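Bear in mind that the values in this text are calculations on the coordinates, not laboratory data. It should be emphasised that the depicted structure is a prediction, and the values quoted were computed from it without experimental measurement. Every residue, glycine among them, receives a Cβ derived from its backbone with ideal geometry; neighbour counts consider all protein chains shown.
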Amino acid sequence: MRRLSPFEPLVMLGTVVQWLVLAMATGALVGTGCSLFLGALFMTEGRVYDAPWWVLALLLPLGGLANGLLLHYAWEKRRGDLNDEPIVAVNEQAGRMPITTLWVKPVAALITLGCGGSAGKEGPCSHIGASVAAGMGQALRLNAELRKRLVACGVSAGFASVFGTPIAGAIYGVEMLAIGRIRHDFLFPGIVAGVTAFVVSRWWGVPYPEFSIGFDARFTLLLFLKTVLVGVLCGLAALVFVELHRGVRTAFAWLHWRTGLWPPLAPLLGGLLVAALVLVAPTDFLGLSLPVMDRALAGESVPVLGFLWKALLVALTLGSGFYGGIVTPQFVIGAVAGGACAPLLGLAPAQGAAVGLVAVVAAASNTPVAALIMGVELFGAGSIWYVAGACAAAYLVIGHRSVYPAQHLAYAKSAWIVASPDEPVGNEKVQLSYGLLRWWGDRLHQARRWRDRRSKRP
């Protein structure tokens with residue numbers, strides 16, 4: 001095949017310039033929009049940690065009803081035929097999203113977190129980013145491929161603006177699209193948008209946490225194996241979280257189908273269930289639960305099964321119909337689970353919490369590369385030896401599950417698994433491969449023959 005030389009370098013240089021302009025403009029707009037949202041969030045979230053139970057029992061159902069009414073009348077009935085999930089927009093809608101309903105989900109998230117619902121803050125920002133980027137693509141009349149890249153840019157910018165991790169955010173916005181595949185042609189636009197959004201948000205005064213965790217430079221193979229084991233345990237914690245969320249969502253869907261429940265009443269019922277659970281669960285796990293995460297990362301002791309409270313509260317909140325992010329809860333679940341199991345393996349609790357935080361993100365979101373880089377951006381370059389094996393192990397242990405049912409499955413995670421390519425993981429039915437079944441059949445047949453020979457001996 002003949003090359004385009006000498007024109008190819010000029011075309012690629014033009015591509016770099018094109019994305020510097022488009023991605024920087026996207027990042028600046030998204031960074032500003034996310035800063036406005038985060039400013040409102042900081043004024044409303046975290047007020048109910050110490051509130052009496054009767055206040056929570058009143059606020060949570062009212063917040064659920066407000067969520068239900070807002071999402072039903074201002075979003076569901078006005079969004080048209082387009083889905084506003086970024087993954088669906090890129091994979092199935094050629095980068096198109098509804099624009100007129102952009103404001104609905106950020107307002108719903110403020111209500112969710114303000115009344116004590118257990119959720120995250122990155123979902124609204126990714127929604128803002130993807131919607132703004134889709135609007136830019138349509139306004140500029142870009143073609144389908146450019147629109148898809150621009151929507152991924154918006155997600156990366158929103159993620160970077162929330163967590164202060166521009167490179168991890170850039171890769172997360174690309175890696176979340178499909179399990180086992182990263183579109184490298186999306187990387188440069190995502191990095192430019194992520195860095196721009198981070199700088200703009202910091203200029204607007206958004207604060208970002210700084211963690212100081214000591215990682216031993218004398219890394220050994222035994223220490224590596226311990227971090228892999230932390231990753232396995234956190235992968236199992238992520239599995240529990242994903243299955244709880246799926247189970248609650250399925251139960252409410254069945255309730256709606258069986259009884260004809262009016263949709264706005266579902267989150268009201270979810271609010272009542274969360275309020276009831278808080279009678280026995282610590283209120284620290286309501287809202288964003290960032291103080292719990294900070295204590296775990298500071299090396300303070302946390303309950304061994306504390307992550308279950310957060311997983312169950314988030315599942316009830318989001319599964320019943322409240323709106324909010326689902327990545328921040330992964331931070332909390334991972335930090336608590338990792339911090340709890342670290343002393344059992346001879347690791348410092350703060351190290352285990354840091355490793356667990358990124359391992360659960362790698363597993364639940366199926367984004368091991370983004371999670372690894374996030375560990376470096378949050379905890380310093382010294383953490384890479386600790387988080388690399390843990391992220392990869394957690395990503396494998398959770399199997400073919402995801403907090404994003406619309407996430408496509410590009411490649412199976414094991415040679416012993418067969419799955420149809422490019423199907424949404426929520427619809428996918430993975431199966432053991434014929435080769436594995438035949439291998440097990442041969443081993444069982446040999447075992448029976450050996451047993452028969454031994455039984456015939458005198």
Q) Per 5 Å bin, what percent of the C-alpha pairs of the range 28-150 does each bin hold, from zero upward? A) 2, 11, 18, 19, 18, 13, 8, 5, 3, 1, 0
Q | Sites SER212 and ARG183, calculated FRET efficiency, Cβ-Cβ separation with R0 35 Å, nearest 0.05 | A | 0.50
Q. Within the chain, what's the longest stretch lacking trypsin sites (Lys or Arg not before Pro) that sit in DSSP loops with no more than 11 other Cβ atoms inside 10 Å?
A. 219-428
Q: Would you mind getting me the FRET efficiency between LEU69 and PHE42? Use the beta-carbon distance for r and R0 = 30 Å, nearest 0.05.
A: 0.75
Q) Spin-label point model (7 Å from Cα, Cβ direction): what's the SER420 to LEU261 distance in nm? A) 3.0 nm
Q: Would you mind estimating how fast the range 221-408 diffuses translationally, via Stokes-Einstein at 25 °C and 0.890 mPa s with the Kirkwood radius over Cα pairs, in µm²/s?
A: 149 µm²/s
Q. Considering the chain, which cysteines have no disulfide-compatible partner, defined as another cysteine with its Cβ under 4.7 Å away?
A. CYS115, CYS153, CYS234, CYS341, CYS391
Q: Could you size up the charge dipole of the chain around its Cα centre, putting +1 on the beta carbon of Lys and Arg and -1 on that of Asp and Glu, and report it in debye to the nearest 20?
A: 1780 debye
**Q.** Helix-only mean residue ellipticity at 222 nm for the chain, each DSSP H run of n ≥ 4 adding -39500 (n - 2.57), per residue, nearest 500
**A.** -21500 deg cm²/dmol
Q) Which loop GluC sites (Glu not before Pro) in the range 197-303, with loop taken from DSSP, have no more than 12 other Cβ atoms within 10 angstrom of their Cβ? A) GLU210
**Q.** Taking the C-alpha atoms of the chain, convex hull volume expressed per residue in Å³
**A.** 205 Å³
Q: Any chance you could run the full-extension gain for ALA139 through ALA381? It's 0.36 nm times the residue separation minus the Cα-Cα distance, nm to one decimal.
A: 83.0 nm
Q) How high is the relative contact order of the range 221-408, given as a whole-number percent (alpha carbon pairs under 8 Å, six or more residues apart)? A) 31 percent
Q. For the chain: lysine pairs with Cα atoms under 23 Å, gap of 8 or more or different chains, count?
A. 7
Q: Fewest Cβ neighbours within 10 Å first, please rank ILE179, ILE417 accordingly.
A: ILE417, ILE179
Q) Which one of ILE171, SER301, LEU221 has its Cα pushed farthest toward the positive end of the charge dipole of the range 157-309, where Lys and Arg give +1 and Asp and Glu give -1 at the Cβ? A) ILE171
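Beyond 23 Å, what share of the Cα-Cα pairs of the range 199-294 remains, rounded to the nearest whole percent?
58 percent
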Q: List the residues whose amide H sits under 5 Å from the amide H of LEU409, counting only those 5 or more places along or on another chain, with H placed 1.01 Å from N in the peptide plane.
A: ILE179, ASP422, GLU423, VAL425
Q. What helices does the chain have that are whole DSSP H segments, at least 27 Å long along their own axis by Cα, and with mean Kyte-Doolittle hydropathy of -0.5 or more?
A. 7-44, 144-163, 221-259
Q) What is the range 27-82 by shape, rounded, prolate or oblate, if you read a ≥ b ≥ c off the alpha carbon gyration tensor as root eigenvalues and call it rounded for a/c under 1.5, prolate for a/b larger than b/c, and oblate otherwise? A) oblate
